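Read the structure below first, then the notes.
Every number in this text was worked out from the coordinates using simple rules, so none of it is lab data. Predicted model only: the values in this text are computed from it and were never measured. Cβ sites come from the backbone with ideal geometry, for glycine too, and all protein chains shown count toward neighbours.
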Amino acid sequence: MEKLELLKNRHSVRQFSEEKVKDEDKAVLKVLVQKLNKEHDLNMQIFFDEPSAFSTSMAHYGKFENCNNYIALVGQKEDGEKLGFYGEELLLKIYELGMAGCWVALTYGKGKVKISKEKGESLHLVIGFGYGKNKGNVHKSKTVDQIIKKGTIVPEYANSGIEACLLAPTAMNQQKFEISFVDNEPIINKKGIGFYTDIDLGIVKYHLELITGHKTNRNY
């Protein structure tokens with residue numbers, strides 16, 4: 001599937017079938033997690049057939065069903081944006097493999113996630129996934145004018161990338177980011193205060209880079 005079409009067709013899913021992840025797909029995801037951890041000094045951890053983290057009242061409140069697989073995004077305090085960037089790469093791979101999922105910040109049993117961690121590391125959030133019972137719903141979105149810095153001239157190459165940014169999942173759909181361009185290269189910064197804005201910023205930057213091939217303002 002063409003990359004932008006993948007982003008357009010991907011929506012957050014919380015209800016999954018009881019079907020277990022295929023062995024070959026497990027292998028693909030394990031290799032990708034290991035690769036990203038090694039290359040970018042992260043400690044993301046993947047769990048299969050492990051229901052306890054989503055067998056809680058919070059998960060019930062979040063309307064999760066049969067969420068038995070997840071990726072724990074573990075890193076240093078300052079790793080939020082980087083985890084958002086590479087976590088989104090993992091989530092899109094999950095969709096490419098024919099599954100579905102979503103970012104989960106609060107509605108799961110954080111204390112039930114059996115992560116291993118180094119000094120200074122913590123569990124930022126998780127990505128739940130599996131074979132979706134539905135395709136999810138389209139979320140309300142800001143307009144292009146609302147996310148482009150006032151007075152900015154947008155290069156023609158970036159139009160599809162900006163569309164991709166508006167398709168990026170953000171905590172509580174807050175979309176607290178702003179895009180500008182310096183010497184035709186993209187700059188994406190936070191705009192305002194909100195929950196998990198560092199994670200969101202990484203996700204948005206991944207979307208723009210995926211579609212345009214132009215690196216954003218990041219140092220990882």
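Things to note:
- Two numbers describe the Cα atoms of the range 151-206: Rg and Dmax, which are 11.2, 33 Å.
- Cα gyration tensor shape for the range 69-158, rounded if a/c is under 1.5, else prolate or oblate: oblate
- Span-rule helices in the chain, defined as complete DSSP H runs reaching 18 Å or more along the axis (Cα) with Kyte mean at least 0.5: 197-212
- In percent, rounded to a whole number, the relative contact order of the range 3-130 is 35, using alpha-carbon pairs under 8 Å and six or more apart.
- The range 66-72 - phi-based ³J(HN,Hα) in whole Hz, Karplus 6.51/-1.76/1.60, Gly and Pro as x: 6, 8, 10, 9, 7, 10, 8
- Between LEU125 and LEU73, the built amide H atoms are under 5 Å apart, and every one of these is 5 or more places off in sequence or on another chain.
- Here LYS63 and SER116 are evaluated by their C-beta separation; at R0 = 45 Å the FRET efficiency comes out at 0.90.
- Neighbour-limited loop hits for trypsin sites (Lys or Arg not before Pro), the range 8-115 (at most 12 other Cβ within 10 Å; DSSP other than H, G, I, E, B): LYS63, LYS114
- Gaussian network model of the chain, Cα within-10 Å springs - most flexible of ASP23, ASP183, ASP79: ASP183
- Cα centroids of the range 46-117 and the range 177-194: 27 Å apart.
- In a reduced charge model with +1 at each Lys and Arg Cβ and -1 at each Asp and Glu Cβ, the chain shows a dipole moment near 580 debye about its Cα centre.
- Residue (of CYS102, PHE64, GLY151) at the positive-pole extreme of the chain, dipole from beta-carbon charges: PHE64
- Ellipticity estimate at 222 nm from DSSP helix runs (n ≥ 4, -39,500 (n - 2.57)) divided over the chain, nearest 500: -10000 deg cm²/dmol
- Note, ³J(HN,Hα) from phi for the range 114-127, Karplus 6.51, -1.76, 1.60, rounded to Hz, x at Gly and Pro: 8, 7, 9, 9, 8, 4, x, 8, 8, 7, 7, 5, 10, 10
- Global geometry of the chain, whether rounded, prolate or oblate, following the gyration tensor of its Cα atoms and the 1.5 cut on a/c: prolate
- For the range 144-212, the relative contact order comes to 38 percent (Cα pairs under 8 Å, sequence separation of at least 6).
- Gain in span if fully extended, ASP198 to GLN15, counting 0.36 nm per residue against the direct Cα distance: 63.2 nm
- Per-residue 3J(HN,Hα) values for the range 148-156, derived from phi via the Karplus relation 6.51 cos²θ - 1.76 cosθ + 1.60 with θ = phi - 60°, read 9, 4, 4, x, 6, 9, 8, x, 4 Hz in sequence order (x marks Gly and Pro).
- Here the contact order of the chain, divided by its residue count and restricted to Cα pairs under 8 Å and six or more residues apart, works out to 25 percent.
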